[in-house]
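The values are calculated or read from the model by the stated rules, or taken from the named source; none is laboratory data. Since this is a predicted model, take the numbers as computed values, not measurements. Counting neighbours? That spans all protein chains shown, and the Cβs are built from the backbone with ideal geometry, glycine included.
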Amino acid sequence: MKSRIKSTKSWEQHMPQRPKRLRSSGYYSNNTNPYKKRIVIIIWLILAILLGQSIFQIQYLKLEKLELINNKDLTQEEIEEFFEDKLTATRFFVFKNSNYFLFDTQPVEKELIETFNLDQASVTKVWPDKIQIDVVEKISHFIWAKDDTLYLLDAKGALNRQIQARDDKYLIIEDFRNTRPTGDYIFSSDEIEIINQIYLEWMDKIADKEKLTRIVISDNWSLIELHTETGFYVKLDSSESIKKQINNLNQILVAGNITGVDIDYIDVRFGDKVYFK
């Protein structure tokens with residue numbers, strides 16, 4: 001008998017088998033779990049965003065104070081206007097850029113230099129709510145007035161930047177030429193040389209007696225008007241010796257025969273003959 005039995009368990013295959021338990025929940029778990037996971041992830045993301053917003057939008061860390069240092073012509077009002085859009089912008093769609101940790105100073109420095117034509121600009125965040133702006137401005141010598149707009153000029157006649165109001169510390173050049181200059185340089189080298197010479201001669205010989213406030217030019221450079229603080233103006237011809245004309249004016253003022261309130265203008269364009277009205 002034993003030789004006929006190949007396996008001690010071969011008879012088991014003919015026995016009735018216990019039915020296997022079906023995992024009825026498998027279908028639902030495989031299909032519903034991904035959706036549940038997504039919902040849970042979305043909820044956690046929303047909570048994380050709200051938590052981050054509550055941290056980054058805390059009033060204590062809101063940049064509100066602007067401190068401008070080492071400025072000469074650049075005003076606090078111009079800086080506040082410049083930073084207004086920068087601080088109210090949003091980052092990552094929900095966070096305000098005015099937060100101490102979110103505000104990026106590097107692109108602002110570059111834009112400051114370009115907007116106000118500065119030599120250098122440094123923007124520093126000061127804990128917890130202040131921005132310090134340290135600027136190095138280009139040196140200006142004149143204000144160029146043309147068509148109701150004002151620009152700062154350097155000694156070579158190059159544009160520095162536009163300004164909103166006149167400043168008494170700069171000599172104003174009122175330009176009534178028919179054409180408006182293009183490019184960075186408003187005057188040719190010869191023209192700016194004339195303006196600089198007038199300014200220097202006046203400062204050397206006349207400034208202690210009368211203040212020069214503005215130079216009026218037109219297409220006719222043979223007639224330049226030098227306006228004074230007292231009210232009268234001087235007619236000058238740039239094609240003649242400027243030094244000699246200013247010397248003649250100085251002699252008239254030193255003599256004391258006239259006062260500014262008595263005359264409208266002094267004409268020094270005709271050599272030793274000086275006319276006034």
- prompt: Do the conditions hold for PHE103, that is, is it at negative phi, crowded, with 18+ Cβ neighbours inside 10 Å and outside the structural domain of ILE198 (by TED's automatic domain parsing)?
  reply: yes
- prompt: Right, PHE142: closer than 27 Å to GLU174 by Cα and surrounded by 12 or more Cβ atoms within 10 Å (Cβ to Cβ) or not?
  reply: yes
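Residues that are within 16 Å of the chain's Cα centre (by Cα), at least 1 per element: which strands (runs of 3 or more DSSP E) completely within segment 105-175 meet that?
Those strands (runs of 3 or more DSSP E) span 118-126, 130-137, 149-153, 159-163.
Does segment 54-68 contain at least one residue that is at pLDDT below 90, among the β-branched types (Val, Ile, Thr) and surrounded by 10 or more Cβ atoms within 10 Å (Cβ to Cβ)?
In the first step, residues of segment 54-68 are kept if they are at pLDDT below 90; the result is 54-62.
Add one more test, that the residue is among the β-branched types (Val, Ile, Thr), and what stays is 55, 58.
If we keep only those that are surrounded by 10 or more Cβ atoms within 10 Å (Cβ to Cβ) as well, we get 55, 58.
Looking for residues that are at pLDDT below 90, among the β-branched types (Val, Ile, Thr) and surrounded by 10 or more Cβ atoms within 10 Å (Cβ to Cβ), one finds at least one in segment 54-68, hence yes.
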message: Go through segment 181-206 and report how many residues are under 11 Å from TRP144 (Cβ atoms) and either in a loop (DSSP other than H, G, I, E, B) or charged (D, E, K, R) (or both).
response: 3
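Starting from residues that are acidic (Asp, Glu) and in contact with a strand residue (DSSP E or B) (Cβ under 8 Å, 6 or more places away or on another chain), keep the ones in segment 106-138 and report whichever is surrounded by the fewest Cβ atoms within 10 Å (Cβ to Cβ). Full working, then the answer.
If we filter segment 106-138 for residues that are acidic (Asp, Glu), which is where we start, we get 109, 111, 114, 119, 129, 134, 137.
If we keep only those that are in contact with a strand residue (DSSP E or B) (Cβ under 8 Å, 6 or more places away or on another chain) as well, we get 109, 119, 129, 134, 137.
Details: GLU109: 19, ASP119: 10, ASP129: 16, ASP134: 15, GLU137: 19.
Among them, the one singled out is ASP119.
Take the residues in segment 207-258 that are assigned to a loop (DSSP other than H, G, I, E, B) and of a type in the set (S, T, N, Q), then tell me which one is surrounded by the most Cβ atoms within 10 Å (Cβ to Cβ).
The selected residue is SER238.
Out of everything in segment 259-277 that is in a helix (DSSP H, G or I) and in contact (Cβ under 8 Å) with a residue 12 or more places away in the chain, what residue ends up being surrounded by the fewest Cβ atoms within 10 Å (Cβ to Cβ)? Lay out the reasoning, then the answer.
Looking only at segment 259-277, we keep the residues that are in a helix (DSSP H, G or I), and these are 260-262.
Imposing the further condition that a residue be in contact (Cβ under 8 Å) with a residue 12 or more places away in the chain reduces the set to 260-261.
Values: GLY260: 16, VAL261: 8.
Here the answer is VAL261.
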message: Looking at (1) in the same structural domain as PHE83 (by TED's automatic domain parsing); (2) at pLDDT 95 or above; (3) aromatic (Phe, Trp, Tyr), which one does PHE176 not meet, given that it meets all the others?
response: (1)
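Here is a yes/no grid of residues against (1) among the hydrophobic types (A, V, I, L, M, F, W, C); (2) under 30 Å from PHE82 (Cα atoms):
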| residue | (1), (2) |
| --- | --- |
| ILE172 | yes, yes |
| ASN196 | no, no |
| THR213 | no, no |
| TRP221 | yes, no |
| GLU229 | no, no |
- request: Look through GLN197, GLN164 and report the one residue that is polar (S, T, N, Q) and at pLDDT below 95.
  value: GLN164
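Within segment 258-270, can you find the residues that are modelled with pLDDT under 80 and either among the hydrophobic types (A, V, I, L, M, F, W, C) or more than 25 Å from GLU240 (Cα to Cα) (or both)? Explain how you work it out, then say what you get.
Of all residues in segment 258-270, those modelled with pLDDT under 80 come to 258-262.
Of everything in segment 258-270, those that are modelled with pLDDT under 80 and either among the hydrophobic types (A, V, I, L, M, F, W, C) or more than 25 Å from GLU240 (Cα to Cα) (or both) turn out to be ILE258, THR259, VAL261, ASP262.
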- request: Given the conditions (1) touching a strand residue (DSSP E or B) at 6+ places or on another chain (Cβ under 6 Å); (2) within 15 Å of PHE276 (Cα to Cα), report the number of the one that ILE246 does not fulfil.
  value: (1)
